[in-house]
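Peer 1: Questions regarding the structure given below will be posed in turn.
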Amino acid sequence: MDVTRIAIEVVVFIYIASFLLYIVRLIKGPTLFDKVLAVDAFSYDLMVFMALIAIYTENPYMASPIVLVALWAFALDMYISKIVEYGDIGE
Amino acid sequence: MSSVDFLLLVEFIGLALISLGAFFEIVAAIGVLRLPNFYTRLHAVTIGAVGGTALPLIGVGLLAVSRHSVDPSSVYLAILCITSTLLILVTAPTGSHALMRAAYIHEKRREKVESSRGR
């Protein structure tokens, strides 16, 4: 049990480090697609982060929005690629 | 094999999956920061989606049901993790493929406009 909590703490710090690297790419990103890609990776990272916090604090209802975050990243991908290929909605 | 040994085995597998996912995630983050091109960065993000998100979510689901007293809230967390793993495995390749196609079409259009302007 103690080993589990220590391992989860280490993994949470690794995920926070990758949050920071994704934020650097989100600020630097040369084109629009790089920024969208960074937001995508950020939301995938956020899902695992919320699940780890839920298992660490033993409060499972803290991990409820991970399905919404996954669908939101997918909607962002589809919306940006649709606008770039075919123009705005209703034209 | 008694039930306590089986629960320890499930917990160990969950911890191994979470640690493997952390390795994939940090590799994907370094790749997104360091790789030179949009398409190579897309490759790194897909590593982060499948290796760094689907594997640790399965691990968290296994870790949630490895307690000695199983109550409904931990089963809720496990079902949530498995559901979002399936969603990720369906939507992440689709979304990255659509984004790559849009970026390619955008680049080709801009090249065509620039070459017609140069003539």
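Readers should treat all values here as calculations from the given coordinates under stated rules, not as data from a laboratory. No experiment lies behind these values; they were computed from the predicted model shown. Using ideal geometry, Cβ is built from the backbone for each residue, glycine included, and neighbour counts are taken over all protein chains shown.
Peer 1: Contact order normalised by length for segment B:1-88, with contacts defined as Cα pairs under 8 Å and 6 or more residues apart; what percent is it?
Peer 2: 35
Peer 1: Could you give the dipole magnitude of chain A about its Cα centre, charging the beta-carbon of Lys and Arg +1 and that of Asp and Glu -1, in debye to the nearest 20? Numbers along the way, then the final one.
Peer 2: Working: 5 positive and 10 negative charges, 39 e Å.
So the dipole magnitude of chain A works out to roughly 180 debye.
Peer 1: For chain B, take the longest principal axis of its alpha carbons; what is the angle in degrees between that and the long axis of helix B:55-64, to the nearest 10 within 0 to 90?
Peer 2: So the helix axis and the longest Cα principal axis differ by about 20 degrees.
Peer 1: Turning to a different aspect of this structure: Compare the Cα positions of B:GLY59, B:ALA16, B:ILE26 along the charge dipole of segment B:3-118 (+1 at Cβ of Lys, Arg; -1 at Cβ of Asp, Glu; about the Cα centre) and return the one farthest towards the positive end.
Peer 2: B:ILE26
Peer 1: Something else: Give me the net charge of B:ARG67's neighbourhood, meaning all other residues with Cβ under 14 Å from the Cβ of B:ARG67; Lys, Arg count +1, Asp, Glu -1.
Peer 2: Overall, the nearby charge balance is -2.
Peer 1: Another question about this same structure. Return one number: the angle in degrees, 0 to 90 and rounded to the nearest 10, between the long axis of the Cα atoms of helix A:66-86 and the longest principal axis of the Cα atoms of chain A.
Peer 2: 20
Peer 1: Could you tally the net charge around A:ALA41, taking each other residue with its Cβ under 13 Å from the Cβ of A:ALA41, Lys/Arg +1 and Asp/Glu -1?
Peer 2: -2
Peer 1: Could you give each residue of segment A:44-60 its phi-based ³J(HN,Hα) in whole Hz, using Karplus coefficients 6.51, -1.76, 1.60 with θ = phi - 60°, and x for Gly or Pro?
Peer 2: With coefficients 6.51, -1.76 and 1.60, one gets 5, 5, 5, 4, 5, 5, 5, 5, 5, 5, 5, 6, 7, 8, 6, 10, x Hz.
Peer 1: Same structure again: Dividing the Cα radius of gyration by the Kirkwood radius, what Rg/Rh value follows for the protein assembly as shown?
Peer 2: My calculation of the ratio gives 1.08.
Peer 1: A further question on this structure: Extending each Cα 7 Å along its Cβ direction at A:ALA17 and A:ILE83, get the distance between those two points in nm, one decimal.
Peer 2: 3.5
Peer 1: For chain B, take the longest principal axis of its alpha carbons; what is the angle in degrees between that and the long axis of helix B:72-118, to the nearest 10 within 0 to 90?
Peer 2: Tilt of helix B:72-118: around 10 degrees.
Peer 1: Right, something else. Net charge around A:ASP77, counting only other residues with Cβ within less than 13 Å of its Cβ (Lys, Arg = +1; Asp, Glu = -1)?
Peer 2: Within the 13 Å Cβ shell, the charges total +1.
Peer 1: Right, next: Would you mind getting me the FRET efficiency between B:VAL90 and B:ARG117? Use the beta-carbon distance for r and R0 = 41 Å, nearest 0.05.
Peer 2: Using R0 = 41 Å, I get an efficiency of 0.45.
Peer 1: Using the alpha-carbon centroid of each, what span in Å lies between segment A:14-91 and segment B:1-76?
Peer 2: What the calculation gives is 17 Å, centre to centre.
Peer 1: If you don't mind, another one. Two decimals is fine: what's Rg over Rh for segment B:3-118, C-alpha atoms, Kirkwood radius as Rh?
Peer 2: So for segment B:3-118, dividing Rg by the Kirkwood Rh gives 1.22.
Peer 1: Is there a quick way to get the dipole size of segment B:3-118? I mean about its Cα centre, with the Cβ of Lys and Arg at +1 and of Asp and Glu at -1; what is the value in debye to the nearest 20?
Peer 2: 800
Peer 1: Moving on to the next point. For segment A:2-86, what class follows from the C-alpha gyration tensor (a ≥ b ≥ c being the square roots of its eigenvalues): rounded when a/c is under 1.5, otherwise prolate if a/b is larger than b/c, else oblate?
Peer 2: oblate
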